[in-house]
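Reviewing the structure listed below.
The values are calculated or read from the model by the stated rules, or taken from the named source; none is laboratory data. Since this is a predicted model, take the numbers as computed values, not measurements. Here the Cβ positions follow ideal geometry from the backbone for every residue, glycine too, while neighbour counts run over all protein chains shown. Ligands, DNA and RNA are stripped out before the accessible areas are found, and what is left, the full protein with its side chains, is counted by its heavy atoms. Shrake-Rupley method; radii C 1.70, N 1.55, O 1.52, S 1.80 Å.
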Amino acid sequence: MTQNERIGQILLQIQPPSLSTNKLLLTDFGGKGDSLYDNKPIFDKILSACKTQNGGRIVVPPGVYLINGPIHLVDNTTLDIQKGAKLVFGTDAADYLPVVPTSWEGTLLYNYSPLIYAYQVKNVVITGEGTIDGNGKEGFSRWYDRQKPSQQLSRQMNHTDVPVKKRLFGKGHYLRPQLIQFFECENILIEQVTITNSPFWCVHFLKSENITARKVKFNAFNKNNDGFDPEYCKNVLIEDIEFNNADDNVAIKAGRDHEGRQTAMSSENIVIRNCRFKGLHGVVIGSEMSAGVQNVFVENCTASGFCKRGIYLKSNPDRGGFIRDVYVNKVAFQDVEDALFITSYYHGEGKGFETDIYDIYVDGLTCRFASNAGLVIQGYPTKKVRNVHFEHVQIDSCKTAVSFRHTENIVLNDVVIGEEVKIPSAVK
């Protein structure tokens with residue numbers, strides 16, 4: 001089966017939900033877009049109406065809508081943020097309690113609610129040409145320097161198999177919530193909106209499937225402002241996105257360490273195409289990927305600005321799991337630190353659970369300048385990275401062209417790094 005046929009089969013399984021015809025105007029329920037009025041009770045009221053009426057299209061007209069607390073979406077709901085409308089979330093952490101089931105850096109737990117949260121719902125849409133502003137810089141993002149003890153506690157609970165219901169991280173803890181999270185959801189569409197000023201990851205798809213994200217714009221420059229983070233997800237299409245993130249543009253994940261291996265729900269059938277990358281890294285797999293990642297297709301993407309790394313596959317011997325069947329086709333970067341980087345020894349740490357990385361295919365990767373390296377593969381002594389194919393790769397200039405260690409069956413065809421050598425000079 002060809003790559004195009006495999007992509008075609010995946011796309012047949014991804015059907016975005018339709019927009020509800022039951023139109024509910026936020027201002028008819030008392031909403032005010034004056035940037036001062038608290039619209040949290042209004043959203044609660046209109047979402048209750050959606051639940052009673054088996055769905056609805058919530059239309060947010062132009063204006064600036066302050067919301068002191070989370071929006072919890074329900075089945076068959078469309079959140080239509082129209083051009084000229086902006087949702088701005090309040091900064092009082094207490095408004096995002098009680099804690100809800102969620103995840104943090106690959107570990108399931110209970111934490112402050114994501115600002116827009118969908119849990120165990122179907123047929124949910126976020127659309128419109130408006131803006132979602134997480135107000136992170138003035139709020140939760142300030143917790144970054146205080147998160148370490150809770151971060152370490154969450155990992156300890158993961159490793160010692162503490163029941164998820166006992167992993168409570170609310171008041172007194174400092175784990176920042178995601179801006180938007182879909183947890184155990186089916187049939188998701190997010191399109192057109194501009195996402196900015198997130199407290200943590202921007203859009204987190206968790207244990208969800210049948211996901212379409214298209215024509216979204218990011219301007220997100222706080223700590224850990226990843227664009228899209230599909231985790232334990234299946235059948236995902238990410239297309240025509242304008243990224244501008246302080247962190248990874250797309251980071252594909254599948255749980256962390258013990259819990260991820262135990263969950264054994266791989267992230268798979270993910271298509272990323274026709275996107276413009278800008279920020280820290282373009283497309284990343286890992287490092288939380290212990291349940292495995294497979295069938296990932298990145299094609300026809302370009303960079304609209306600097307990326308530290310273009311394509312980045314990262315794991316370490318704490319993770320286990322696998323990364324396999326990854327296809328990168330016709331992707332062009334400008335200035336990077338490393339064009340493509342694969343490592344089994346991320347941060348130089350971990351032991352006992354090496355990751356199996358194999359069957360990676362790159363066809364049509366170009367880059368103008370790599371300040372550090374063109375192509376890097378770092379396998380592990382006891383589990384080599386294997387079966388990696390490079391074809392039609394051109395990197396105009398870089399410090400180190402190729403750095404491969406602990407690898408097996410690396411194939412290069414039509415690869416030029418640096419100035420191409422043409423007709424050999426003759427003896428004079």
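To test your reading of the geometry: what angle, between 0 and 90 degrees and rounded to tens, separates the Cα axis of helix 3-12 from the longest principal axis of the chain?
10
Quick check on the chain: helices-only [θ] at 222 nm, where DSSP H runs of length 4 and up contribute -39,500 (n - 2.57) each and the sum goes over total residues. Nearest 500, please.
Values: 4 runs with 42 residues, N = 428.
For the chain, the value works out to -3000 deg cm²/dmol.
Per residue, how much accessible area does region 318-428 have with a 1.4 Å probe, in Å²? Walk me through the numbers on the way to the answer.
Working: 5910 Å² over 111 residues.
I get 53 Å² per residue for region 318-428.
Using 0.36 nm times the number of residues separating H392 and D414, minus their current alpha carbon distance, what extension gain do you get? Show your work: numbers first, answer last.
Values: separation 22, 0.36 × 22 = 7.92 nm, distance 0.50 nm.
Gain on extension, H392 to D414, equals 7.4 nm.
Going by alpha carbons, how many degrees (0 to 90, nearest 10) lie between the helix axis of 40-52 and the longest principal axis of the chain?
With both axes taken from Cα atoms, the answer is about 90 degrees.
Among L97, L313, L36, which one shows the highest mean-square fluctuation when the chain is modelled as a Gaussian network with alpha-carbon springs under 10 Å?
Comparing L97, L313, L36 in the GNM, the peak value goes to L36.
What FRET efficiency comes out for D145 versus V421 if R0 is 35 angstrom and r is the Cβ-Cβ distance? Round to the nearest 0.05.
Numbers: r = 50 Å, r/R0 = 1.44.
The value I calculate is 0.10.
Using the structure shown, select from K86/K223; K207/K234; K86/K207 the pairs with a Cα to Cα distance greater than 18 angstrom. Can you show the working numbers first?
Working: K86/K223 22 Å; K207/K234 8 Å; K86/K207 28 Å.
Beyond 18 Å: K86/K223; K86/K207.
Could you give the angle, 0 to 90 degrees to the nearest 10, between helix 148-159's Cα long axis and the longest principal axis of the Cα atoms of the chain?
Compared with the principal axis, the helix lies near 80 degrees.
For each pair in K165/K308; K40/K217; K32/K122; K23/K122; K314/K422; K23/K165, compute the distance between the two Cα atoms and list the pairs where it is over 30 Å.
Working: K165/K308 38 Å; K40/K217 25 Å; K32/K122 28 Å; K23/K122 18 Å; K314/K422 35 Å; K23/K165 37 Å.
Flagged as over cut-off: K165/K308; K314/K422; K23/K165.
Please calculate how many Å² of accessible area region 1-88 carries per residue, with a 1.4 Å probe and no DNA, RNA or ligand atoms counted.
Values: 4380 Å² over 88 residues.
For region 1-88, the solvent-accessible area averages 50 Å² per residue.
So with the 1.4 Å probe, I'd like the accessible area per residue for region 120-255, rounded to whole Å².
On the way: 4610 Å² over 136 residues.
With all protein chains present, region 120-255 gives 34 Å² per residue.
Calculate, in nm to one decimal, what K51 and F404 gain on full extension: separation in residues at 0.36 nm each, minus their alpha carbon distance. Before the final figure, lay out the partial values.
Details: separation 353, 0.36 × 353 = 127.08 nm, distance 5.53 nm.
Result for the pair: 121.5 nm of gain on full extension.
Out of these labelled values of Rg and Dmax of the Cα atoms in Å, (i) 30.3, 137; (ii) 24.6, 109; (iii) 22.1, 89, which was calculated from the coordinates shown here?
Read-out taken from this structure: (iii).
Hey, in the GNM for the chain with a 10 angstrom Cα cutoff, which one of V293, V402, V59 fluctuates hardest?
Ranking V293, V402, V59 by mean-square fluctuation puts V402 first.
For the chain, what % of the accessible area comes from carbon and sulfur atoms, probe 1.4 Å? It would help to have the intermediate numbers written out before the result.
Working: 8010 of 17140 Å².
After summing per-atom areas, the C and S share lands at 47 percent.
Calculate, in nm to one decimal, what Q82 and K165 gain on full extension: separation in residues at 0.36 nm each, minus their alpha carbon distance.
Numbers: separation 83, 0.36 × 83 = 29.88 nm, distance 3.83 nm.
Gain in length upon complete extension: 26.1 nm.
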